[in-house]
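Each reported figure results from applying straightforward, stated rules to the coordinates on display, with no laboratory input. Owing to the predicted nature of the structure, the values given are computational and were not obtained by experimental measurement. We place every Cβ from the backbone using ideal geometry, glycine too, and count neighbours over all the protein chains shown.
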Amino acid sequence: MQDLPNKIASTDNPNRLSEMALQAARSTLKIESNAILSLQSRLDSSFQAAVHWIAECKGRVVICGMGKSGIIGRKLAATLASTGTPSLWMHSAEAAHGDLGQVTRDDILILISNSGETEETRRLAPLAKKLGARLIAMTGGLKSTLAKASDLVLNISVEKEGCPLGVAPMASTAAQLAYGDAMAACLIVERGFKKEDFAFFHPGGSLGRRLLSTVEDLMRPVGDFATAKEDWTVKETLLAITRARCGSACIVDANERLVGLFTDGDLRRRIENDLQILTRQVRDVMTHNPLRISPKELAVEALGALRSKSVDELPVVSDDGNLVGLLDIQDLLKAGLM
């Protein structure tokens, strides 16, 4: 194969693309967008039946494909698994060389092929039938061998590919990906799948920390932040804040119930008009009934509360009203939630 000429490098500005190349990019995006939008009208009885079958499946959803369709299938299997649908991806060629032994009669087999004539994929259809598994075809070839052999056909056909040459799968794979995501989204709602369920399947990395960490995991326990009685003076309270090296003090009553929050901002706002403020009781200048949170709440919910109210500290209060901790925005930063 001859070396292709580097047309970009031969221009006066090596970083500038030709208008023809940019037009090809715009055309590809338009074609793929139209292909995806056209799928909305295909959320028909076949789509609904497929979602119902998957939701009621006692086994797993096994997705097979070759080439680019196989890559899309791998992504769809991963999306389904992470949103509560037991699923796996199987390479069509490997399936015909032993991996099909993983499929049982309780499973659903989804075969993805744009043409419906991909040899390695279509020849799995009669084998799946012998196993007793339900067979769903995701294809643009509605009269293809694969479509005729399937129990259910999902129409993911496109008018044309986004490739300027009309040969590389672009619009077809974009449609496959979007259609698969639409199925997953439908299943999330149908199953009542919640954020907490999603967190269970994502315990690792920053996503796991965001979704699994609770306020109790990250809060500072009593003793590690400043507290003061409501009858203390402002001066005594400031000394407690200084010793704790923080910017506020949680004010409690005789029964250790949270009644207020005093910050250095409260002092700055009042000191100009009240030179005697240091001798006053802190109950007279504190913020009464401050924003608080339960230790059982997810830390990401606490982050949302801190941001929405533009505050840096959040007292943590038990169900019986007792102060049990303090969550500082710095604690969330250290935990990687920001």
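Observations, loosely collected:
- Around residue 53: net Lys/Arg minus Asp/Glu count, Cβ-Cβ under 15 Å: -1
- Over 35 Å [Cα-Cα, the chain], rounded percent: 51 percent
- The relative contact order of region 19-193 comes to 26 percent, based on Cα pairs under 8 Å that sit 6 or more residues apart.
- Counting DSSP beta bridges with both ends in region 215-334, the antiparallel % (nearest 5): 80 percent
- Bridges between two residues of the chain, per DSSP, are antiparallel at a rate of about 40%.
- Our helix-only sum for the chain, with -39,500 (n - 2.57) per DSSP H run of n ≥ 4 divided by its residues, gives a mean residue ellipticity at 222 nm of -12000 deg cm²/dmol.
- The phi-based Karplus calculation (6.51 cos²θ - 1.76 cosθ + 1.60; θ = phi - 60°) puts the 3J(HN,Hα) values of region 216-221 at 4, 5, 10, 5, 8, x Hz, whole numbers, x for Gly and Pro.
- Reach of residue 229 by Cα under 13 Å, taken over aspartates and glutamates that are not fewer than 8 positions away in the same chain: 253, 256, 284
- When only Cα pairs below 8 angstrom with a gap of at least 6 residues are kept, the chain shows a relative contact order of 13 percent.
- Using the Karplus relation 6.51 cos²θ - 1.76 cosθ + 1.60 with θ = phi - 60°, the per-residue 3J(HN,Hα) values for region 91-101 come to 5, 4, 5, 5, 4, 7, 10, x, 5, 5, x Hz, with x marking Gly and Pro.
- Amide H contacts of residue 220 (H built 1.01 Å from N, in plane; Pro and chain starts excluded): 326, 327, 328 sit under 5 Å, all sequence-distant by 5 or more or on other chains.
- Proximal lysines relative to residue 129, as straight alpha-carbon distance under 27 Å, when same-chain residues fewer than 8 apart are discounted: 58, 68, 75, 143, 148
- Sequence-ordered 3J(HN,Hα) estimates for region 126-136 from the Karplus curve with 6.51, -1.76 and 1.60 and θ = phi - 60° stand at x, 5, 5, 4, 5, 6, x, 7, 5, 10, 10 Hz, glycine and proline given as x.
- For region 279-318, the C-alpha radius of gyration sits at 1.39 times the compact-globule guess of 2.2 N^0.38 Å, with N the residue count.
- Remark on region 215-334: hydrodynamic radius 14.4 angstrom, per the Kirkwood mean of 1/r across alpha carbon pairs.
- Net charge of neighbours whose Cβ lies under 11 Å from the Cβ of residue 306, counting Lys and Arg as +1 and Asp and Glu as -1: -3
- Electrostatic dipole magnitude of the chain [Cβ: Lys, Arg +1; Asp, Glu -1; Cα centre; debye, to 20]: 840 debye
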